[in-house]
Amino acid sequence: MEVVQGDLVLDLKDVRKDMIELAGGKGANLGELISIGVRVPPGFVITSRAFKYFVNYNKLADKIFEILKTSQDEEEASTKIKALIMSAKVPEDLERSIMKAYDRLAKLVGKDPLVAVRSSATAEDIEQASFAGQQDTYLNVSRESLIEHVKKVWASLYNARAIAYRNAKGIDHTQVSMAVVVQKMVNSRSAGVMFTLNPSNGDPNYIVIESSWGLGEAVVAGKVTPDEVVVRKSDLKIELKRVSRKRIKIAYDPQNKRNVEVSLEGSPEAEEFSLDDNEIIELARMALAIEKHYGRPMDIEWAVDADIKFPDNVFIVQARPETYWSARQAAKGAETKVEPTKAKILARGLPASPGLVSGRARIILDLHQAKDFQKGDILVTKMTDPDWVPIMKMASAIVTDEGGMTSHASIVSRELGIPAVVGTGNATSVIKDGQIITVDAHRGVIYEGELETTKPEAKQAELPASVGELSLPRDVLLSLYPITATKIYMNLGQPDVIHKYLNLPFDGIGLMRIEFIVSEWIRYHPLYLIKIGKPELFVDKLAEGIAMVASAIYPRPVVVRFSDFKSNEYRRLIGGEEFEPEERNPMIGWRGVSRYISDVYQPAFRLEVRAIRKVREEMGLKNVWVMFPFVRTTWELQKALNLMEEEGLKRGSEFKVWVMAEVPSVIMLADEFAKLVDGFSIGSNDLAQLTLGVDRDSDILARMGYYDERDPAVLRSIRKLIRVAHRYGRTVSICGQAPSVYPEINEFLVREGIDSISVNPDAVIQVRRQVASIEQKILIEKLNDSSKKRMSSSR
């Protein structure tokens, strides 16, 4: 057997950035960082020559090539090649070299350390492509299992997603090899990522740091919504600190010898910032040094060690070129884009949230596949639910096989300001993982490649924020927008995004959904919490989420809709299966007020009321009102109002109670309902569904034109409600999807005298301007009519 000549194992401190072919991208970059004085955990590199030696020793090259050539798909090829590698023997002299390097590391740190065994492909972390997450890394590996984990990393060169990505990028499989980086594990108190530009808009003047407790895997894999810091490069001033509610952390369990998810429910860590200001500045300082040395924007992973004093506890564990914005910048004037008329259409669907974006498609069918999902990727999946929100926040666009305009993916994408196309039927099967695509969410079309017309778009909801960077006071900003007699409210579900929209010209929150708080912050079924003796967890977290919004926009009103989960959605909460039936049609089943007044769910509804009372009375936020969803009858509403009064909340001049007008019975009996409440809010989504007998989530019926909130029957119902409610001195609002997408509906509503219109954040500016224009048009028409009458009477 021919032994491969050259170094098989190198100390990290002896590696430099021009040694990618030997040490792989990760190893070369880490060695380079050490050379410029950046703090990196000590370790060594098992070079690509060692991998080549292993392959030659076991005569694997021809076998691997044949498998790649003959397999039906990437999954089949991956399974066969990985089995081949794992069953092969590591040459004895190579094994001795690896163990000697480990023993030198142990001598350096004073004990046998647990180590990280990390992939470092020779085509990884290069400027033209991001291989981040394509291969595997193993943490907390002991001396005894080191060799086995090295083989696992070698085998991961042929993960299905890695094979697919190389195929999509046209990278020759035979030209890619694997080095392995072995480093002492950092006992991470906090960890995360940072970018030397703003990854949301490419602004090179800022460093953005994302952080959470424990190991960085929670941030990189999108398992938590991390804390965020924005640091100005010019003077290292902290411009923004945004704490997030962190539901879990990932930590090493020495007893079971594996990483585990640790719940932070009830722990102060969940709400505390995971970095202090000194650590933030130290990270930013190192980020600047790294960017200066490499001469380009960088994507950096870091960790803060719990056992070491500052500043020696702040480590950089990886640095690679930032690829998304850098590629866009480099491509200006040099790229070959496809003209829209010549582009191949891959799929069509419903345009759920407007925008036009090009990027890398990631086919994610299960959340477990999302660990290598990168910020700026396009999420392509069958459908989403609340568990997907952390990944959705990282996406530049969202495409789903299933769902309609009011599906979870549609609602969340509109709220986050992310372009989305839903109900394509086949996107996950016709789009390839790693493929560059363009999502035209104005028209509901997905194209192959990047279109000529594709430009990074500023979502309307973010425009005021950019104006806000000019340090203009909010009242000055609002003076830029027209004043309207019709109030323009905003719909909101996620409390932690309210800061993004504070400079939008809205008069209040016309619909605050609490379902996101329950599913993301609380996660437990309320009846389960009652059963285990922790009802206050539900009350406190719900109150906290509502207060976050109400305090941010005080004294503008916040209309909080009581929970409107369907039974199938409640079942997904922790402990939910014990309390929820399996209904055949939950959309018109046990939901809304029918749930609140039932003997089974009534104790849970009381928790919601207590949370509202806590916000209003203990926190002094009297701008919080409530709204009852999916009301069917007056008698059930009266029962619910009685329950609310029993908990100390009574309708009055400072506490308004609204009902959703979505079931046609509320329209038919509007005069009776008007005696019980202060206002109505039209849920045009469900009202259209129930009036027309159409499943609002059916993409088939939507494409055929059946589901349409502009249908004459729906408009006639809305007209009737407004007129009857005003006769009784009650207000009418609308919080459905229609006003956000149909200008003609807004003209209809204003002409009928609606009191307020509540829309998605991305539509606030547009709808305010539309309404102002319509109101002016009506005034001019009235003046003209008055003038004509005067002229007629003077004759």
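The values are calculated or read from the model by the stated rules, or taken from the named source; none is laboratory data. These figures come from a predicted structure and were not determined experimentally. Note that each Cβ is placed from the backbone with ideal geometry, even for glycine, and that neighbours are counted across all protein chains shown. Ligands, DNA and RNA are stripped out before the accessible areas are found, and what is left, the full protein with its side chains, is counted by its heavy atoms. Shrake-Rupley method; radii C 1.70, N 1.55, O 1.52, S 1.80 Å.
Summed over the stretch 346-389, the residues that are without any contact (Cβ under 8 Å) to a residue 60 or more places away in the chain, touching a Phe, Trp or Tyr at 6+ places or on another chain (Cβ under 9 Å) and part of a helix (DSSP H, G or I) give a count of 1. The residues in the stretch 364-388 that are over 14 Å from I398 (Cα atoms) and open to solvent by 30 Å² or more (accessible area, probe 1.4 Å) can be counted, and the count is 6. Looking only at residues in the stretch 211-222 that are outside any strand (DSSP E or B) and at negative phi, the one that is modelled with the highest pLDDT is L215. Only one entry of K13, K63, K52, K59 meets the criterion of being among the charged types (D, E, K, R), on the phi > 0 side of the Ramachandran plot and surrounded by fewer than 20 Cβ atoms within 10 Å (Cβ to Cβ), and that entry is K59.
Take the conditions (1) assigned to a helix (DSSP H, G or I); (2) under 13 Å from P761 (Cβ atoms); F506 misses just one of them, which is (1). Does E536 satisfy the criteria of being open to solvent by 10 Å² or more (accessible area, probe 1.4 Å) and free of Cβ contacts under 8 Å to residues at least 12 places away in the same chain? Yes.
The set of residues in the stretch 263-315 being surrounded by 15 or more Cβ atoms within 10 Å (Cβ to Cβ), among the aromatic types (F, W, Y) and more than 20 Å from L240 (Cβ to Cβ) consists of Y294, F315. Only one entry in V559, V518, V549 is part of a strand (DSSP E or B), among the aliphatic types (A, V, I, L, M) and open to solvent by less than 10 Å² (accessible area, probe 1.4 Å), namely V559.
Condition first: under 17 Å from A191 (Cα atoms) and assigned to a loop (DSSP other than H, G, I, E, B). Can you find one or more residues in the stretch 290-299 that meet it? No: zero hits. For the stretch 595-646, enumerate the residues that are in a loop (DSSP other than H, G, I, E, B), open to solvent by less than 70 Å² (accessible area, probe 1.4 Å), within 22 Å of L573 (Cβ to Cβ) and touching a residue at least 24 places away in the same chain (Cβ under 8 Å). The answer is I597, Y601, P629, F630.
Considering the conditions (1) within 24 Å of the chain's Cα centre (by Cα); (2) under 22 Å from M644 (Cα atoms); (3) crowded, with 21+ Cβ neighbours inside 10 Å; (4) touching a residue at least 40 places away in the same chain (Cβ under 8 Å), L504 is excluded by exactly one of them, (2). With a requirement of 2 or more residues that are more than 15 Å from V150 (Cβ to Cβ), the helices (runs of 4 or more DSSP H) lying completely within the stretch 34-97 that satisfy it span 61-70, 74-87.
Of all residue pairs spaced 6 or more apart or on separate chains, those with beta-carbon atoms under 6 Å, a first member in the stretch 242-270 that is more than 17 Å from K223 (Cα to Cα) and a second member that is surrounded by 13 or more Cβ atoms within 10 Å (Cβ to Cβ) are R242/E228; D253/V260. Of all residues in the stretch 289-304, none satisfies the criterion of being touching a residue at least 24 places away in the same chain (Cβ under 8 Å) and on the phi > 0 side of the Ramachandran plot.
For the stretch 223-245, taking the residues that are touching a Phe, Trp or Tyr at 6+ places or on another chain (Cβ under 6 Å) and not in a strand (DSSP E or B), the one that is least open to solvent (accessible area, probe 1.4 Å) is identified as R245.
In summary, helices (runs of 4 or more DSSP H) completely within the stretch 663-767 and bearing 1 or more residues that are open to solvent by less than 30 Å² (accessible area, probe 1.4 Å) and under 18 Å from M587 (Cβ atoms) occur at 664-668, 684-692, 699-704, 712-727.
The set of residues in the stretch 66-108 being in contact with a Pro (Cβ under 8 Å, 6 or more places away or on another chain) and open to solvent by less than 70 Å² (accessible area, probe 1.4 Å) consists of L105, A106.
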